[in-house]
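Here's the structure, in structure tokens; my notes come after.
Just so you know, all these numbers are worked out from the coordinates, no wet-lab data involved. As the structure is a computational prediction, the values presented were derived from the model and not from experiment. FYI the Cβ positions are ideal-geometry reconstructions off the backbone, even for glycines, and counts take in every protein chain you see.
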Amino acid sequence: MLDLFKSFVDLGAIVVLPILIFIFGIALGTKPKKALVSGIMVGIGFVGLNMVVDLLGGSLGPAAQAMVARFGLNLTTIDVGWPAAAAISYGTLLGSLSIPIGIGVNLLLLFLG
């Protein structure tokens with residue numbers, strides 16, 4: 001079972017999150033067409049997010065390094081904000097588990113009142 005889950009997570013956030021959004025949408029009573037469109041939109045959003053992060057990393061990285069060299073600064077990181085952190089975190093096993101665990105906890109709390 002763990003190998004099956006690991007192989008599913010290894011597909012990447014761009015594939016896994018749309019599938020999870022579709023499954024959760026169906027489970028919560030959303031019409032299949034709307035759940036599918038929502039899942040596809042999440043996938044498109046992650047593709048766009050990864051493109052922006054790659055673009056910023058490719059163009060801002062050398063500019064930041066030149067600025068550090070020019071001004072003699074000791075800067076070692078570039079802050080790309082929460083979207084990049086979300087894309088990175090949901091691409092890991094623990095990040096992928098956080099969605100079903102969070103929904104499970106919410107459902108449990110709803111049933112307990």
DSSP H segments from the chain that extend 24 Å or more along their own axis, Cα-based, with Kyte-Doolittle mean of 1.6 or above: 93-112
Calculated FRET efficiency for the pair A69/T92, C-beta based, R₀ 30 Å, to 0.05: 0.35
Charge dipole magnitude, Cβ of K and R +1, D and E -1 - the stretch 2-112, Cα centre, debye nearest 20: 320
Largest-first ellipsoid semi-axes for the chain, taking √(5λ) over the Cα gyration tensor eigenvalues, angstrom: 36, 16, 14
